[in-house]
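Everything below concerns the one structure shown next.
The values are calculated or read from the model by the stated rules, or taken from the named source; none is laboratory data. Computed from a predicted model, the values in this text were never measured in an experiment. A quick note on method: Cβ atoms are made from the backbone with ideal geometry, for glycine too, and the neighbour counts reach across all protein chains shown.
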């Protein structure tokens, strides 16, 4: 598969509170031969202390929890993907919470969007308002995740319309986070990927670049697409940090990180 990660400070912020990481794993033996990608994108909450620490700690803990012997031995080839990913999110939540208490640096919070991708499937877990999309360039774009925000709950309840939702004042008020509470409830998604592109992104991207524009910009050239998305978001204000991960089933030996 081909993977690119990219994060940008934007045009308004003094520092970047987003964190992205992708790790690939080739597994062989016992009749097993497969390649997996472990992906994570975290957007630190600017309204609390040290959002950049929260996002990095959560993301690193998530990947570390997946990338261990127990995971390889017990979960590869099994049907326990949901349990595995949710456990990794809960571990990340506890790590951020414990760090804020032990260092006495105040509450820290972050979104967390993680995925395991391989063999034509993506297993995705989400807390917060970072989003996952499935995109067929020039043809189809589908939002896979559901925002954990007050405005999303109002939309679901029929209190506001889809048009009002786009610019609602409570669209950035998160109802689920990593690091602020003892318990976290992630959403889980199991998605088939064939010739589509999987896009994970922070709200700094989709708040400026809508679905139609993403569909116009994204092509099979992932690096060019990623650069164009960041440029588009910045040209329209770039008011927040902008981060993304893009994955396709095209063969490649490298992860491009910027």
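Which one of these does residue 209 not meet: (1) closer than 30 Å to residue 84 by Cβ; (2) out of contact with any strand residue (DSSP E or B) (no Cβ under 8 Å at 6 or more places or on another chain)?
(1) is the only condition that residue 209 fails.
Restricting to the range 104-146, name every residue that is touching a strand residue (DSSP E or B) at 6+ places or on another chain (Cβ under 7 Å) and without any contact (Cβ under 8 Å) to a residue 40 or more places away in the chain.
Listed by number, the list holds a single entry, 142.
Give the number of residues within the range 169-183 that are buried (at least 17 other Cβ atoms within 10 Å of the Cβ), over 17 Å from the mean Cα position of the chain (by Cα) and in contact (Cβ under 8 Å) with a residue 60 or more places away in the chain.
1
How about the range 130-153: which of its residues are under 18 Å from residue 192 (Cα atoms) and assigned to a loop (DSSP other than H, G, I, E, B)?
137, 139, 144, 145, 146 - these are the residues of the range 130-153 that are under 18 Å from residue 192 (Cα atoms) and assigned to a loop (DSSP other than H, G, I, E, B).
Please work out if residue 65 is at pLDDT below 95, farther than 26 Å from residue 129 by Cβ and surrounded by 14 or more Cβ atoms within 10 Å (Cβ to Cβ).
No.
Scanning for something under 25 Å from residue 57 (Cβ atoms), modelled with pLDDT of 85 or more and in a loop (DSSP other than H, G, I, E, B), does the range 154-163 turn up at least one residue?
no
Do the conditions hold for residue 151, that is, is it in contact (Cβ under 8 Å) with a residue 12 or more places away in the chain, surrounded by 13 or more Cβ atoms within 10 Å (Cβ to Cβ) and within 17 Å of the chain's Cα centre (by Cα)?
Criteria not met by residue 151.
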